[in-house]
Amino acid sequence: MAELVATLASTHHPFYLRATTAPPEQQIPQAPEWKRKVEAYRETLSKAKPDILVMIGSDHFHQIFLDNCPQFLIGKAERYDATFGNEEREFGIPKYVLEGDMEMSRFMHRDLMDQGFDLAFSNELKIDHSIICPIITVRPDNDLPVVPIYTNIFAPPLPSPRRFYDLGRAIRKAINAFPSDKRVAAIGTGHLSLELGGPRQFMETGPDPVFDRQALEWFRSGDIDAILANVTHQSMAKSGNATHGFLNFILMMGVAGPQAADYVDYLDLFHTMEAYVTWYPRTGAEEQAA
């Protein structure tokens, strides 16, 4: 069976590449620290030596629109074109082509259905910065095949936080059941508190620093019970109009299991807090108990 070797959850700031590769005199003051933190975080994936990446993100109305918006979708393509025109223009993100793992995509689609998650699927999925940003930050060589999974964090009604967590647990089971000796890493991106286009967008921190700090403590302790008791669609909206990206962090905690994170780092970046979290899997009886 396949082996899950690491679970990563991070933010996906689209300006990272431009901010850290511009001439020094044009860089923001936080750029050197940002680059150091991302390169340190990258090592948490490199040391796991993965063969395949299961990648969880959310389409920013680039390919999925309100005329047909699935709650959860899995890509089942041989390869994936990535980066849309506005992402090239506004963020300086280059075009990419990601190799797919069709065998694992097909297996996971069926296995998740058997577990009660009827994911939509696409054989012609194009990838946006929610998945390209972690390629840039933690796997810049883009040398591993991917299984992309998209979640709906934008268009209400959204699935509950509990549903995101349960899907994460189901993804973990599907990875473990995949008939292969491959080493699999799961990488998902979302947000802490975030405001887009609202009055709190241009604060020195994210719109809700109290929530951000609490979220980091939840990751450190692996306290999913506290998250599910305190985080609702309403509470996330109060923390910022785009804070529902936190649902993807909850999903990644489901993949990892109810355990303390092995690596937690962050960076206050004027309008948002960047978060970088990694879990390494438990073994034997510990995982069975989880």
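The values are calculated or read from the model by the stated rules, or taken from the named source; none is laboratory data. Only a predicted model underlies this, so the values are computations on that prediction, with no experimental measurement involved. In this analysis, Cβ positions are derived from the backbone assuming ideal geometry, glycine residues included, and neighbour counts consider all displayed protein chains.
Below is a table of values for the structure above.
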| read-out | value |
| --- | --- |
| Matching residues, segment 176-203, being of a type in the set (A, V, I, L, M, F, W, C) and part of a loop (DSSP other than H, G, I, E, B) | F178, L192, L194, L196, F202, M203 |
| Test: A226 is among the hydrophobic types (A, V, I, L, M, F, W, C), modelled with pLDDT of 95 or more, part of a helix (DSSP H, G or I) and more than 19 Å from the chain's Cα centre (by Cα) | yes |
| Matching residues in segment 28-68 - criterion: being in a loop (DSSP other than H, G, I, E, B), more than 28 Å from A2 (Cα to Cα) and either at pLDDT 95 or above or out of contact with any helix residue (DSSP H, G or I) (no Cβ under 6 Å at 6 or more places or on another chain) (or both) | P29, Q30, H60, F61, H62, Q63, I64, F65, L66, D67, N68 |
| Counted residues, segment 26-79 - those being over 24 Å from G245 (Cβ atoms), without any contact (Cβ under 8 Å) to a residue 12 or more places away in the chain and of a type in the set (D, E) | 1 |
| Residue that is farthest from S105 (Cα to Cα) [pool: residues in segment 183-226 that are aliphatic (A, V, I, L, M), in contact (Cβ under 8 Å) with a residue 40 or more places away in the chain and out of contact with any Leu (no Cβ under 7 Å at 6 or more places or on another chain)] | M203 |
| Within segment 136-148, tally of residues that are in contact with a strand residue (DSSP E or B) (Cβ under 8 Å, 6 or more places away or on another chain) and either free of Cβ contacts under 8 Å to residues at least 60 places away in the same chain or among the basic types (K, R) (or both) | 2 |
| Segment 231-260, subset under 15 Å from the mean Cα position of the chain (by Cα) and among the small types (G, A, S), residue farthest from N176 (Cα to Cα) | A242 |
